[in-house]
1. Among the chymotrypsin sites (Phe, Trp or Tyr not before Pro) within segment 38-67, which fall in a DSSP loop and have no more than 12 other Cβ atoms within 10 Å of their own Cβ?
2. With only alpha-carbon pairs counted, each pair once and no self-pairs, how large is the Kirkwood hydrodynamic radius of segment 183-250 in angstroms?
3. Working from Cα positions, state the angle (0 to 90°, nearest 10) between the long axis of helix 131-145 and the longest principal axis of the chain.
4. Restricting to Cα pairs below 8 Å that are 6+ residues apart, what does the relative contact order work out to for the chain? Please round to a whole percent.
5. Please identify the trypsin sites (Lys or Arg not before Pro) of segment 193-250 that satisfy two criteria: DSSP loop assignment and at most 15 other Cβ atoms within 10 Å. Which are they?
6. Rounded to the nearest 20 Debye, what is the dipole magnitude of the chain about its Cα centre when Lys and Arg each give +1 and Asp and Glu each give -1 at the C-beta?
7. Based on DSSP H runs of at least 4 residues, each adding -39500 (n - 2.57), what is the mean residue ellipticity at 222 nm of the chain after dividing by all its residues, to the nearest 500 deg cm²/dmol?
8. Out of segment 192-230, which chymotrypsin sites (Phe, Trp or Tyr not before Pro) are coil in DSSP terms and have no more than 16 other C-beta atoms within 10 Å?
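What follows draws every value from the coordinates through simple rules; no lab data is involved. Computed from a predicted structure; not experimentally measured. Here the Cβ positions follow ideal geometry from the backbone for every residue, glycine too, while neighbour counts run over all protein chains shown.
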Amino acid sequence: MALLGEAIERVCADEGLCRVNYEILVNTDTFLHAHVFPRYTWEPADRITMPVFRYPDENWRLPAYQYDDARHGALRLRIRETLELLTRAERGHDHHCEDATIGRIVMEPFSFLSGNLRGWSSPTQDGEHAWVYRAPHYAALLRDHAPHLIGFQEFHPSNGDDVAPALPFHAWELGCECDTEQYTPIYWDTRRFGLIRTDSCWLNRWRTVKAVDWGANHERAVTWVELMDRQADRIVLVVNTHLDHISEPA
């Protein structure tokens, strides 16, 4: 029940979810059963602090409020997949909780590559070191080493077309834009990792606003993904950023 609530929290976080209500009952249905209700910031002010059963009867009976696979099937699938990942992680944690050292040893190694592409550079700026000349060599490096996880900096969206053939099994999260079309994306091998959730924010006091702060020379951002390691049933948090080189506070 708690894992289901956590799965709902993760999947519905961007929909205005503010909390989850849990109920265990034996009333009209004379057997023990549970209800898990997500609650949202957009609910009417006179309802949001009250039990969901205070909503009018039509909210429970009209077709407009009923589950429909065409409208809700994708959401249901995401919740189910997230619940399965959390369940496997919980079982893996229980199995190894008596000895954290053993838990670390059991986890299969994985490879990580981090690279500043300077992918926006042109021959006018960088001459023979411009991205157009480096791209084939970088793609060959990725193809030869096939890292499970990759964090790029100074990544231009067009760079994705250059590296995509070398990463046929990788999914990716682009993150927030910095300067002009520069990003700090994360790539992960979907054969090894399943996505739980991902997000990005700017590195400033406001986080949701693209702005320079703390004396930096450009906007800076951080991208993160939470992944399930399919080989170890462990959750892995991957963070990628590009810190400023001028301002110490930034």
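1. Trp42, Tyr67
2. About 13.3 Å, per the Kirkwood formula over Cα pairs.
3. 60 degrees
4. 14 percent
5. Filter output for segment 193-250: Arg205, Arg207, Lys210.
6. The dipole of the chain has a size of about 280 debye.
7. -9000 deg cm²/dmol
8. Trp206, Trp214
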